[in-house]
1. Is it the case that segment 62-74 has a residue that's in contact with a Leu (Cβ under 7 Å, 6 or more places away or on another chain) and either over 23 Å from Pro32 (Cβ atoms) or modelled with pLDDT of 80 or more (or both)?
2. Spot the failing condition for Leu31; the list is (1) modelled with pLDDT of 95 or more; (2) under 13 Å from the mean Cα position of the chain (by Cα); (3) open to solvent by 10 Å² or more (accessible area, probe 1.4 Å), and only one is missed.
3. Which of the residues spanning segment 78-107 are more than 19 Å from Gly56 (Cβ to Cβ) and at pLDDT below 90?
4. What's the total number of residues in segment 19-33 that are over 17 Å from Gly56 (Cα atoms) and either assigned to a loop (DSSP other than H, G, I, E, B) or in contact with a helix residue (DSSP H, G or I) (Cβ under 7 Å, 6 or more places away or on another chain) (or both)?
5. For segment 108-127, give me each residue that is modelled with pLDDT of 90 or more and open to solvent by 60 Å² or more (accessible area, probe 1.4 Å).
6. Which residue out of Arg16, Arg36 is among the charged types (D, E, K, R), open to solvent by 30 Å² or more (accessible area, probe 1.4 Å), in a strand (DSSP E or B) and at negative phi?
Amino acid sequence: MIVELPESAGTLVAFRLSGTLSDADYKQVLLPAFARASEKAGRLSVVFELAGDFHGWDVHAIWDDAAYGVEYWGRLGRFAVIGDKEWETLIADLIGLWPGTEARFFHSADAPLAWAWARQPIDDQLF
């Protein structure tokens, strides 16, 4: 399940992820938030807060993730991933492979640092 957080504003979009993400999660929550934020000038900053019961993506959601990454390529600037499980660091590592995107993993205890980092201005140069 994806829930948009009230901290989303302007080009910052923030979500709490729990359970196993599905195609419906992307279409009903994530995509509308990305589309709304993309109407603003500048590159997007994204915060993913991973709940303790977050298990990842179903097969369709994995495809959605890749497809929508291509759609928003060039608009993604910063990606903060907040969680507590070691394997969750891989999410930030994979997102960071996307050209022009900087991604970092933060432990839940460091969530204020993640939010501060995500809110910093982003250089609009792609590379």
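1. Checking segment 62-74: not a single residue is in contact with a Leu (Cβ under 7 Å, 6 or more places away or on another chain) and either over 23 Å from Pro32 (Cβ atoms) or modelled with pLDDT of 80 or more (or both).
2. Among (1) modelled with pLDDT of 95 or more; (2) under 13 Å from the mean Cα position of the chain (by Cα); (3) open to solvent by 10 Å² or more (accessible area, probe 1.4 Å), the lone unmet condition for Leu31 is (1).
3. Selection gives Pro99, Gly100, Thr101.
4. Qualifying residue count for the region: 1.
5. Ala109, Asp110, Pro112, Leu113, Arg119, Gln120
6. Arg16
The values are calculated or read from the model by the stated rules, or taken from the named source; none is laboratory data. Because the structure is a prediction, the values reported are computed rather than measured. Here the Cβ is made from the backbone with ideal geometry for all residues, glycine too, and neighbour counts use every protein chain on show. Surface areas here come from the heavy atoms of the whole protein model, side chains and all, with no ligands, DNA or RNA. Shrake-Rupley method; radii C 1.70, N 1.55, O 1.52, S 1.80 Å.
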